[in-house]
Amino acid sequence: MIVAETKHVMLWKTLFYLGIFVFLLIAGCSSDSDDNPIQGDGEIEHEGNASGFNLEVSPDAKTISLLKDGVTLLSIPEDGLRLGRIPTTLSSGVAFEDVNFDPYWIDTSDLPPPYKEELVWLKPLTMEQAESADAGATYTVTYDGGVVFSLEIEEISSHSYKFLFKPVSGAEGVGFIRLQAKTDPQEGFYGLGNAHDHVNHRGKRRAMQLEAIDSESQYNERHVPIPLLIGSTGWGWFVNDFHPAEFKVATEADDLVETTFGTGMDTGDGLEFYFFAEDQPLDITKHYYEITGYPILPARWALGPWIWRDENDNQQQVIDDIDTIRELDLATSGYWIDRPYATEVGAFNWNPEQWTDAPAMIDYAHDMGLRMAIWQAPYVDADHETTQDNMAHVTENGFLPLKTGLPLNKWGTPLDLTNPDCYDWWQTNMRFYTDMGIEGFKMDYAEDVLPGLPNFRNVWEFYDGSNEQTMHARYQLFYHKVYAELLPEDGGFLICRGGTIGDQVNVSVIWPGDLDATFDLEGDLLDDDGKQEKAVGGFPSSMIYGLSLGPSGFPFYGADTGGYIHAPPDNELFMRWFEQTALSSVMQVGTNSNDVPWEFETESGERDETLLESYRKYARLHLRLWPYEWTYAQNIATDGRPIQRPFGLAFPETGEHPWDCYLFGEHLFVAPILERGAVARDVTFPPGEWIDWWTGNVYKGGQTKSVDAPLGTLPLYVARGGIVPMLRPTIDTMAPTTHPEEIDSYATTPGVLFVRAVPGIANVFEMFDGTKIELTSGGLLYEGGEEFAFGAVFELLAVEASPASVTLDGTSLTKAADASAVTDSDAEGWWYDAGAKTLWIRVSDGDKNIEWQ
């Protein structure tokens with residue numbers, strides 16, 4: 001809500017200026033075994049590994065190198081294991097335990113931390129092998145001042161190596177651990193969680209926590225920081241640690257990446273990190289999942305589209321919206337109700353002034369083929385009259401943190417969900433909603449726990465003994481899990497603003513927080529009533545956000561289509577945005593100014609029918625692509641690959657790293673229009689051949705071409721050899737309905753499978769239900785699956801001439817009168833559209849061998 005966001009910003013400013021005051025106050029007061037995989041020369045051997053990956057450790061040179069076929073992918077140089085040490089009591093009188101060990105501030109000159117002048121970086125003096133084992137070895141690393149650390153290395157699986165770097169003696173005052181690595185000076189860097197400015201992190205500093213900065217939101221929008229860095233040459237570097245951290249990615253030198261973790265009082269626990277290696281960099285994320293857990297999938301129906309309003313007037317408005325969605329034939333599977341709907345946050349009710357019979361409303365939505373979700377935040381309002389009993393219960397039972405810093409919300413202190421009794425109490429109360437049919441939650445806020453500012457800790461203490469130095473990240477795990485456990489067995493819908501290491505086991509979808517309703521990238525200057533501010537980022541930043549999250553462990557992303565800050569979007573922005581979100585993993589549509597598609601007006605005040613028709617087309621396209629996307633979603637459990645794929649990770653051999661285009665699965669290439677007023681754009685096509693989804697035009701890969709894209713047309717391409725299974729053109733929803741005659745639902749029947757494909761390259765697409773489609777040199781093979789058992793319609797693009805005949809299992813098929821006779825009839829047959837160079841073929845259920853010549 002805009003009021004809450006204003007409060008959020010005000011609290012950030014309060015925290016910032018309080019930090020300056022405390023800093024000034026402090027300143028004023030101061031005056032080898034042969035069978036060991038790590039051999040004597042340090043090399044880990046992979047017996048039977050055709051890929052030729054190995055890890056070499058050279059104690060004399062104090063280096064560790066990850067190699068493929070003798071070529072170094074990633075290496076820790078001789079001074080790459082560094083320790084940051086400060087006096088246990090600073091000259092200012094500040095004690096070690098009172099320091100905020102957030103490394104982001106070390107190189108931030110505006111407000112340097114009080115320890116900066118006394119911080120000393122220790123470099124390794126010696127490195128010696130201490131122990132060896134079948135799967136690894138331990139090394140002793142010494143530093144000045146009698147500091148000794150051990151480095152344990154273990155090969156945990158093929159192409160995956162675990163490191164534990166921890167103190168042995170003399171580590172008093174060591175509060176930072178810094179790792180440096182050398183890489184290819186030309187490669188691209190991916191992962192690290194969400195980003196707003198570019199999918200390639202080369203040349204970027206990335207904090208692993210929220211930070212106060214100079215922007216319109218007053219902070220850096222790092223809602224989902226994940227310390228997993230992926231190089232396009234095929235390596236991954238994951239640090240499994242929740243402490244404040246920063247990555248510098250080729251900022252100091254083209255071939256140097258560096259990460260610093262502020263381990264502070266927990267340095268004794270050491271730092272755990274991993275190296276991964278793969279031939280294809282898209283496969284790196286699987287190794288991360290093997291350590292932290294594979295992602296939970298949303299329910300089938302949760303892949304939308306979804307509609308929501310920032311504020312609903314009342315129950316009748318929701319009913320009217322549901323009726324309008326169906327009357328206007330807008331493909332939709334879900335509707336969520338944002339704040340406010342309860343009398344206040346933490347009340348566990350429906351405001352009777354707005355909602356006369358919420359269970360009946362939810363039942364009606366279900367009847368109409370829609371699932372329902374509601375907004376949530378982990379607070380009980382401390383002041384509202386309807387939450388006093390709940391607040392008293394929270395206080396009496398110790399359900400708040402033992403110590404609290406400054407909360408960044410307008411309701412009060414976040415609940416201490418590390419307390420099992422508090423966890424159970426909150427979850428029990430939330431069943432008030434799930435018992436009446438709510439099947440999803442939009443998870444907001446819960447980002448109050450910050451490490452602090454450079455000159456002081458923002459001290460928090462929780463029931464489980466943890467503090468802000470790790471709970472700034474770990475709180476998300478408790479917050480999301482308490483809701484994830486309430487979802488239906490099919491996965492439900494949990495769309496979260498934040499995320500952290502391993503949180504993908506709870507979070508089914510990420511949304512980006514409050515983006516600008518503009519075409520701006522993060523950092524662009526905005527003029528807000530004469531005041532120049534740096535933009536959070538709008539539509540282009542939203543696309544980058546989703547592309548960054550996929551390789552980082554969160555494969556499902558849904559933007560607030562249309563934007564939030566500075567809403568409403570205008571006609572052009574809204575259309576360009578929903579064109580793109582139709583080709584994203586989750587399509588959810590709503591803005592701060594309640595811009596539902598059927599209420600969008602022209603300048604004369606009438607409903608914009610052009611926009612509405614365009615939205616209808618793209619919402620249905622998104623829904624029709626469900627079997628294609630769901631197959632990739634299921635494959636994550638075996639290959640770990642994201643659904644939305646950055647160009648540079650999908651095609652690392654090109655050396656290109658554009659941020660403004662991407663792959664949706666393997667066979668669809670998306671190049672949205674991201675600039676205001678543009679009706680064409682230059683597209684750099686990936687290797688291969690790419691066929692325009694709308695026109696059938698063929699584009700050779702490896703070249704850049706200008707393509708036309710008038711408003712309402714998304715530049716979208718399918719690969720030569722590509723196979724895209726889809727739902728029927730009439731589909732309305734994935735959710736069950738009690739009105740199957742009027743509402744076309746997959747839950748009623750999967751129906752006939754539609755497949756758009758481009759012959760010319762042999763390829764196979766095996767769907768989630770076992771349906772198999774294979775392009776061969778002279779035709780295609782089709783095998784029906786468990787769910788799609790009603791036959792198929794094939795739409796074959798870029799077929800240059802009409803075939804003389806089409807045969808099915810050796811028998812000629814009948815040529816139909818036109819394409820509609822193929823698509824709308826139950827009869828097997830074929831039709832060739834000479835203008836579109838498209839061959840249409842319909843077959844019944846069963847295994848089929850289709851050929852044409």
Discussion item. What distance in nm lies between label points placed 7 Å from Cα along the C-beta direction at residue 762 and residue 314?
Written reply: 6.7 nm
Worksheet item: Of 62/166; 617/700; 166/481; 123/248, which ones are farther than 24 Å apart at the Cα?
Response: 617/700; 166/481
Discussion item. Tell me the per residue accessible area of the chain using a 1.4 Å probe; a whole number in Å² is fine.
Written reply: 35 Å²
Worksheet entry | Net charge of neighbours whose Cβ lies under 12 Å from the Cβ of residue 263, counting Lys and Arg as +1 and Asp and Glu as -1 | -2
Fill in: Point-to-point label distance, residue 459-residue 119, nm (Cα→Cβ direction, 7 Å offset)
2.2 nm
Discussion item. Heavy atoms only, 1.4 Å probe, whole protein assembly: order 139, 699 by accessible area, highest first.
Written reply: 699, 139
Item to complete: Pop the C-beta distance of residue 849 and residue 148 into the FRET formula with R0 = 56 Å and round what comes out to the nearest 0.05.
Response: 0.20
Response to the item:
Here the FRET efficiency for residue 607 versus residue 739, based on Cβ atoms and R0 = 25 Å and rounded to 0.05, is 0.50
Worksheet item: So, with a 1.4 angstrom probe, what is the percent of accessible area on the chain that is carbon and sulfur?
Response: 47 percent
Discussion item. Can you show me the helix-derived [θ] at 222 nm for the chain, built from DSSP H runs with n ≥ 4 at -39,500 (n - 2.57) apiece and divided by the number of residues, rounded to the nearest 500.
Written reply: -6000 deg cm²/dmol
Response to the item:
For 730, 413, the accessible-area ranking with a 1.4 Å probe, largest leading, is 730, 413
Practice prompt. Please give the net charge around residue 273, taking every other residue with its beta carbon less than 14 angstrom from that of residue 273, where Lys and Arg add +1 and Asp and Glu add -1.
Written response: -2
Worksheet, complete the sentence: Full extension between residue 684 and residue 818 adds, at 0.36 nm per residue less the Cα distance, a length in nm of 44.7 nm
Item to complete: Using a cut-off of 10 Å between beta-carbons, work out the net charge of the residues near residue 442 (Lys and Arg +1, Asp and Glu -1, residue 442 not included).
Response: 0
Worksheet item: Which value, in Å to one decimal place, does the Kirkwood hydrodynamic radius take for the chain when every pair of different Cα atoms is included?
Response: 28.7 Å
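The values are calculated or read from the model by the stated rules, or taken from the named source; none is laboratory data. Treat the numbers as computed from the prediction; the structure is a model and nothing was measured. Virtual Cβ from ideal backbone geometry, glycine too; neighbours counted across all protein chains shown. Ligands, DNA and RNA are stripped out before the accessible areas are found, and what is left, the full protein with its side chains, is counted by its heavy atoms. Shrake-Rupley method; radii C 1.70, N 1.55, O 1.52, S 1.80 Å.
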